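Have a look at the structure below before the remarks.
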Amino acid sequence: MNWRALCFALIATLPSAATSTEILPSGTTFLSQGLQAQAADAGANPGMLWVADGERLWNTAESAASSSCASCHGDAEVSMRGVATRYPLVIPGSNQLLNLEGRINTCRVQRQNALAYAHESDELLSLSAFVARQSLHMPLKVTVNDANAEFFAAGEAAFHQRRGQLNLSCANCHVERVGLRLRGDVITHALPNAFPIYRLEWQGLGSLHRRLRACALGVRAEMFDYGSEAYLNLELYLTVRANGVAVETPGIRK
Amino acid sequence: MGPAIARVMMPKAAKAADVIEIKSLFRHPMETGYRVDAVGEAIPRHVVTLFTVDYDGERIFAVDLSQGVASNPYIAFYTVATRSGELLFSWTDDRGETVQLSKSLTVLP
C-alpha cells in the first residue's frame, strides 16, 4: 500500500466529523443579518437580561447560612473565564458527566448549603448564561479522553440513531441536510456554542436540553428529561464536534 | 419569569449637540391576556403600558405599549446631548408596578 492509499484508508475509517479538525460554522451564521446584528449587540440582545440577572445572583447570598458565589469565586471575569469552554466534563474520580448547569448546582448543594436550582428555572438559566458569557469569543475545547470516552461513544451513537414516528436521526437533519429549510428554519450543524439561547418562539431564554426536546418533538420521538444521561451524552458529543467554535452565549434564534 | 430587570446602554459622555443612541431592554412577560394555560384557565393580561425617559427632569421620550408588543421589550431611540444630568428610565405595567433605572450623562463643551 503506498502512502496515498494509506491516507485514503485512514480517512475512510474516521468515524465522523468529531475527529476531523474542520471547524464548523456557528448556527448564528445561518440567521438573517438583522438577527445576527441584534445577537452581537449587548444593548439589544434580550438574552443579556438573563446575564444581568445572573450577575446579581452571583453576588447575592440566599440566606445567612449560605454564601454568595462571589464570596468563593471572586470576580467572575477572572475566575470563570474559559470555564464554559471545558464543559461538559467528568470530575476526576467521579465517573459522572456534568454540564455547566450541573456544575453550578453541585456548588449550590455542596458549597452553599442550598437546594439545587430546578432545570430551566430563571435562576439556573441566568447563572449559566452569566458564567458562559465569561468565555465569550473563546473556542470550545472539549476532547475525548479516558474519563469521558464512554459517554462520548453513547452520545455519538445517539446522534446517529433514527428515532420517532418520522424515523429520523439527528445526523439525517444536522449533517445530511445542513443549509436546507425546514419550515421557517435553515438547518444548521447543531452546535452548542450559543447556549443558553434566546429563542423568539420561546420569548425567553432556554437551555440546550430544551432545544433537544424540541428536536425530539419535531420527529415525534420521546423527549428525555432535562439533565438526563441521554442528553448529557449528546451534549458531550455535540461539544466535541464543535471544538474550536467560539462561545456566543447568549445566542438569538428564531 | 424572574424579577423584572432593566438594562440601558448609552454613552457615559458626549459633546454638546451630539446625537446619541440609547438602547433599553426590559424583562417582562408581556402576557397578552388572550392565552389559556395547560388546564384551560385564562392567563391574565400582564403588560407594560408605559415607558418614559426624563432627561434632567424633562420628559424627552414616552411610549404607550400594549399586548401587541413581544415579551422583554427592546426600545431604542436617539436624543441630543444638551447638558450634563441624569436620565431616568421608567417602565410601568398594568398592575401599577414601576421599575426605574437612572444613568448619568456628562456633556462636554
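The values are calculated or read from the model by the stated rules, or taken from the named source; none is laboratory data. Since we're looking at a predicted model, the values are computed, not measured. Every residue, glycine among them, receives a Cβ derived from its backbone with ideal geometry; neighbour counts consider all protein chains shown. Quick note on the areas: whole protein, heavy atoms, side chains included, nothing else; ligands and nucleic acids left out. Shrake-Rupley method; radii C 1.70, N 1.55, O 1.52, S 1.80 Å.
Data for the structure
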quantity	calculated
For chain A, accessible area per residue (1.4 Å probe, heavy atoms of protein chains only), Å²	50 Å²
Other-chain or far-sequence residues with amide H under 5 Å of A:Gly204's (modelled H)	A:Arg199
Alpha carbon centroid spacing (whole Å) that separates the stretch A:70-149 from the stretch B:1-22	31 Å
Interface B:A - total buried accessible surface [probe 1.4 Å, Å², rounded to 100]	1300 Å²
Threshold 50 Å², the stretch A:31-52 residues less accessible with all protein chains present than alone (1.4 Å probe)	A:Gly43, A:Leu49
Cleavage-rule hits (GluC sites (Glu not before Pro)) in the stretch A:172-254: DSSP loop, at most 15 neighbouring Cβ within 10 angstrom	A:Glu176, A:Glu201, A:Glu222
Karplus 3J(HN,Hα) series, Hz, for the stretch B:82-87 with 6.51 cos²θ - 1.76 cosθ + 1.60 (x for Gly, Pro)	10, 8, 5, x, 8, 10
Low-density loop cleavage sites - trypsin sites (Lys or Arg not before Pro) in the stretch B:11-83, where at most 11 other Cβ are within 10 Å (DSSP)	B:Lys12, B:Arg35, B:Arg83
By accessible area with a 1.4 Å probe, ligands and nucleic acids excluded, highest first: order of A:Ile23, B:Ile22	A:Ile23, B:Ile22
Solvent exposure of the stretch B:6-108 as accessible area per residue, Å², 1.4 Å probe	53 Å²
Debye equation applied to the C-alpha atoms of the stretch A:121-254, log10 I(q)/I(0) at 0.10, 0.11, 0.16, 0.18 Å⁻¹	-0.32, -0.39, -0.87, -1.12
Delta accessible area of at least 30 Å² on complex formation, residues of the stretch B:70-100, 1.4 Å probe, chain isolated as reference	B:Ser71, B:Asn72, B:Tyr74
Shielded by partner chains, the stretch B:18-67 residues - at least 10 Å² of accessible area, 1.4 Å probe, vs chain alone	B:Lys23, B:Leu25, B:Arg27
Antiparallel DSSP beta bridges within the stretch B:6-108, percent to nearest 5	90 percent
Interchain or long-range residues, amide H under 5 Å from B:Ile5's placed H	B:Arg27
For the stretch A:21-37 versus the stretch A:203-247, the gap between their alpha-carbon centres in whole angstrom	18 Å
The protein assembly as shown - mean residue ellipticity at 222 nm from DSSP helices (-39,500 (n - 2.57) per run, n ≥ 4, rounded to 500)	-8000 deg cm²/dmol
Whole-Hz ³J(HN,Hα) from phi, Karplus 6.51 cos²θ - 1.76 cosθ + 1.60, for the stretch A:218-230, glycine and proline x	x, 9, 6, 10, 5, 8, 7, 5, 4, x, 5, 4, 4
Apportionment of accessible area to carbon and sulfur, chain A, percent (1.4 Å)	55 percent
Apportionment of accessible area to carbon and sulfur, chain B, percent (1.4 Å)	53 percent
Rounded to whole Å, sorted largest first: equivalent-ellipsoid semi-axes of the stretch B:6-108, Cα gyration tensor	33, 11, 10
In order through the stretch A:164-181: 3J(HN,Hα) via Karplus (6.51 cos²θ - 1.76 cosθ + 1.60), integer Hz, x for Gly, Pro	x, 4, 7, 6, 10, 8, 3, 5, 4, 8, 7, 10, 7, 10, 4, x, 8, 8
For B:Phe61, residues with placed amide H under 5 Å, excluding near neighbours	B:Val53
Degrees separating the helix A:48-58 axis from the principal Cα axis of chain A, which is the longest one	50 degrees
Extension gain, A:His160 back to A:Arg81 (0.36 nm per residue minus Cα-Cα distance, nm)	25.1 nm
Rg and Dmax of the protein assembly as shown, Cα atoms only, in Å	23.1, 83
Label point at A:Lys141 placed 7 Å out along Cα→Cβ; residues across the stretch A:62-83 whose backbone nitrogen lies under 12 Å	A:82-83
